[in-house]
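Structure first, then comments.
No value in this document is a laboratory result; all are computed from the given coordinates. This one's a predicted model, so the numbers in the text were calculated from it and none came from an experiment.
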Amino acid sequence: MNYIILDLEATCWRDRSIKNQSEIIEIGAVKINEQQEIIGEFNAFIKPKLHPQISEFCTELTTIEQSDIDSADDFKTVISNFQDWIDIDSDYLLCSWGFYDKSQFKKDCELNQLSTQWVRSHISLKHQYGEIKGLRRPMGMGGALRKERIELEGTHHRGIDDARNILKIFLKHFDRWKH
């Protein structure tokens, strides 16, 4: 079994009354095996289909620039590369901080008329972490890092950096995740 610790960044707007459909603009992931060894990393930007111009707010939040998006491949190309990297014909488990990433993968696959079957094998580390720690409600990744006395490295709200930080929590409680 390989574990895919991942984080997505998506288009976003400061004004939440705008009902635009968010689309993935970055996939960051780290793959580890059952021996807890890092097998590799995946990081790619994606050019959104519906709103190819990202908002100023999105750049402020993620540090992803329009030039990163302009030179990126489309969702179909990147997701195909990501699935090849995962090796979706093998035994794998997608692990993200919450259910948002699974939901966003499904939405973008549907938007691009692609199968969502590969997303089935997924767990929310955020919710399981809450259970492990006996919390009343799940907490954000930043709070969990502080609780574990693990320093956040890199830039928060960048897919690959968040995936690497989530990995630290995942490894610390490796034998406690349910799947």
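Some notes on this structure:
- Proximal lysines relative to Lys168, as straight alpha-carbon distance under 27 Å, when same-chain residues fewer than 8 apart are discounted: Lys31, Lys102, Lys106, Lys126, Lys133, Lys147, Lys178
- Annotation: aspartates and glutamates with alpha-carbon distance below 16 angstrom to Lys49 (same-chain offsets under eight excluded): Glu9, Glu23, Glu26, Asp68, Asp70, Asp73, Asp74, Asp108, Glu110.
- The shape of the chain can be summarised by an equivalent ellipsoid whose semi-axes, obtained from the alpha carbon gyration tensor, come to 26, 20, 15 Å from longest to shortest.
- Dividing the summed helix terms, -39500 (n - 2.57) for each DSSP H run of n ≥ 4, by the number of residues in the chain produces a 222 nm estimate of -10500 deg cm²/dmol to the nearest 500.
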